[in-house]
Amino acid sequence: MSLVLEKRAEQSKAMAYLSPLLAVALTLLAGAVIFGLQGFNPARALYVYFLEPVTTWWSIEELIVKAAPLVLIGVGLAVCFRANVWNIGAEGQLTVGALVGSAVPILMPEFQQFPVLIVILIVGALGGALYGAIPALLKTRFGANEILTSLMLVYVAQLTLDWFVRGPWRDPQGFNFPKSVSFEGWQLLPTLGDGRVHIGAGLAVIAVIVLFVVMGKSLKGFEIRVIGTAPRAGEFAGFSARRIVWFCFLLSGALAGLAGICEVAGPSGHLQPAISPGYGFTAIIVAFLGRLNPFGVLVAGLMLGISYLGGEAAQIDLGVSDKTAQVFHGILLFFILSCDTLILYRVRWVPGVGRQPHGHQSQAQREA
Amino acid sequence: MGAMEAVVLTIITASTPLLIAAIGELVVERSGVLNLGVEGMMVVGAVCAFAAAYTTGSPWIGVLAGVLSGVGMSVLFGFLTQTLVTNQVASGLSLTLLGLGLSGLIGEGFTGLPGVKMTAIEIPALTEIPFIGPVLFGQDPLVYVSFMLVAAVAYVLTRTRIGLIIRAVGGNHHSAHALGYNVIAVRYGCIMFGGACAGLAGAYLSLSYTPQWIENMTAGRGWIALALVVFATWVPFRVLIGAYLFGTIWIMGLYVQGMGVGIPSQFLSALPYLVTIAALVVISGNRLLTKVNTPACIGQSFVPDR
């Protein structure tokens, strides 16, 4: 018995919408099995994990706080992946954005008027963009693989942040804890009402809308799509693949940096060695689950935000390991990629042709 | 034991996991497949090896568990990229994400437990020779295995029919298919070999390098192994050189740290990653070196029925 792919005459429109849903459904099923194996009641665990987070206003607020960075980073990565530019180091760009943006309140504590907020956000985004520029430069100038360079830079960024918060930027009144001074007043992002939702969520929505227009309506968006799907055709049309690499890295780096500084100036309020529970890596999944479409990313960001929240709740309520969320993320990406195959191909089980070379089979089909 | 001997011995232990993982990935890439899941397979190999060795008390069962778990992970990758023709970069990434999560979950009960250290092979008379003795004859078995792997891969790839087929599949899968070779089957085989090597490298980490389970204990070594394959321009013996170069840098960082030089430890810890970037830049900038052996079909999916 063997699994045979049959190319569809054209892409399946229905599957393009169904495949992410199918992937989520399969992940939930796999989740039930994993919970069962760990000795939890699968139904109860899935409820705590994926439904309870959206039952109270408090947790919905918390969900938006968690989803905002995922959407901000994910929407930038979606543009990269569309262009076949593989920025895997968003976590590093997030870290540097947070670090550089924090320089403003830490080095200029007296700067307390409203403009400081704008300055912090811009400097954070610039920091992320500059850090993203490193793999772009190495790629365009030396041809170095951007996957490996951007990923290596994540470790470098995290170690640098670690040095700053344990060394020069450690709060002298912080009882020796590795953290910076706490931000105050306009150094902090304004929140919505008295809640935890800060303007980072608004920035994420703006990024989604802007990139939706750019990708769908502008020449740049068209260039990106052409270079991504047919690089040779793009070059014949006079589009520069190098400039696309630069554009993608600067854009996604800036958005990751913005997400980073929003984490520090938002929920946490000070710099510390760990500022993100792997948002930069989870955003890769968000981009794919959102089908590399900005609005899709918005929905996907909320869905993965739920898994972070549910992970915390399940750990407290049921004693489920906090590692489970990461396993879910990996499984989810597996299922998304597998289900996307259904857009281009029909999958068929063919009994008994496993040992027969495929060439013969296609010949037989041609004759028939 | 002299100080120099100690340095050389630690360099060998730091280089071995890089070498094993990289030589496996080299075979995978020579067949035209890019598996970015090395880090994930390695970390799962490490935790499974530790768990099996701890439960049974035998490091060899641990090694076996590490290898098998690596193969299991790689089959998952093979099913996605070869059978379902998914994007190899994204699939490899998901393998790494899954591996890091899964290893944390499996390893939860094993954190902080005393490990089972693999005992070194000691040939009584030979190990007593100063310097050369312990370095050449007192290593643990996996170090010798790593050298044998390099020699075997080099021999098979360049001197045998199987090697020719692997290189043909990686160089031009359409031609290889037209000649009657089963491209998918060859690639599955190579992917599984790569998985076995990554699992073995992980097992070495948790049974010999630091005989215990620490979360994320691979610390980017899987990614460095991937970079090593590029650095070696897909030539097996250059992987050996590259792995020992990186191992040396890794250990030098630790020694300088220990000597209390005024450089913050974080920057010394970042050194291997920075050197990896530098190495990639130097090699990739040299088109003459990279062009010769780069598998032409690397990262491209193959659908036979077309």
Checking B:E215 against (1) away from every other protein chain (no Cβ under 12 Å); (2) outside any helix (DSSP H, G or I), the condition it does not meet
(1)
Inside segment B:255-280, can you point out the residues that are in contact (Cβ under 8 Å) with a residue 24 or more places away in the chain and within 25 Å of A:R166 (Cα to Cα)?
B:Y255, B:P272, B:Y273, B:V275
Residues located in segment A:312-323, provided they are crowded, with 24+ Cβ neighbours inside 10 Å and within 12 Å of chain B (Cβ to nearest Cβ):
none
If only one of A:L337, A:L304, A:L298 is over 20 Å from A:E52 (Cβ atoms), at pLDDT 85 or above and more than 8 Å from chain B (Cβ to nearest Cβ), which one is it?
A:L298
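Mind counting the residues in segment A:136-146 that are within 7 Å of chain B (Cβ to nearest Cβ) and in a helix (DSSP H, G or I)?
Going through segment A:136-146 one residue at a time, the tally reaches 2.
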Name the residues in segment B:17-37 that are in contact with a Cys (Cβ under 6 Å, 6 or more places away or on another chain) and closer than 15 Å to B:Y188 by Cβ, would you?
B:G24, B:V27, B:V28, B:S31, B:G32
If only one of B:T96, B:T81, B:T16, B:T10 is of a type in the set (V, I, T) and surrounded by fewer than 22 Cβ atoms within 10 Å (Cβ to Cβ), which one is it?
B:T10
Sort out which residues of segment A:1-12 are of a type outside the set (S, T, Y) and within 14 Å of chain B (Cβ to nearest Cβ), and write them in order of number.
A:M1, A:L3, A:V4, A:L5, A:E6, A:K7, A:R8, A:A9
Filter segment A:13-46 down to the residues that are over 26 Å from the mean Cα position of the chain (by Cα), surrounded by 15 or more Cβ atoms within 10 Å (Cβ to Cβ) and either part of a helix (DSSP H, G or I) or away from every other protein chain (no Cβ under 14 Å) (or both) and list them by number.
A:P42
A:I209 - would you say it is out of contact with any Pro (no Cβ under 6 Å at 6 or more places or on another chain) and in a helix (DSSP H, G or I)?
yes
With criteria (1) within 11 Å of chain A (Cβ to nearest Cβ); (2) more than 30 Å from B:A196 (Cβ to Cβ), B:G258 comes up short on (1)
I'd like to know if segment A:189-200 contains one or more residues that are outside any loop (DSSP other than H, G, I, E, B), surrounded by fewer than 22 Cβ atoms within 10 Å (Cβ to Cβ) and touching a Phe, Trp or Tyr at 6+ places or on another chain (Cβ under 6 Å).
no
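To keep it simple, each residue is scored yes or no on (1) polar (S, T, N, Q); (2) under 27 Å from A:G92 (Cα atoms).
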position	(1), (2)
B:I162	no, no
B:G170	no, no
B:F193	no, no
B:T218	yes, yes
B:L226	no, yes
B:V256	no, yes
B:S269	yes, yes
Would you mind finding the one in B:R167, B:R238 that is farther than 30 Å from A:V4 by Cα, among the charged types (D, E, K, R) and away from chain A (no Cβ under 14 Å)?
B:R238
Residue that is touching a Leu at 6+ places or on another chain (Cβ under 7 Å), modelled with pLDDT under 90 and among the aliphatic types (A, V, I, L, M), where the choices are B:V135, B:V239, B:V150:
B:V135
Going through B:V230, B:V256 one at a time, which residue ends up being under 23 Å from B:V89 (Cα atoms) and part of a helix (DSSP H, G or I)?
B:V230
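The values are calculated or read from the model by the stated rules, or taken from the named source; none is laboratory data. Bear in mind the structure is a predicted one, so any value in this text is a computation, not a measurement. Counting neighbours? That spans all protein chains shown, and the Cβs are built from the backbone with ideal geometry, glycine included.
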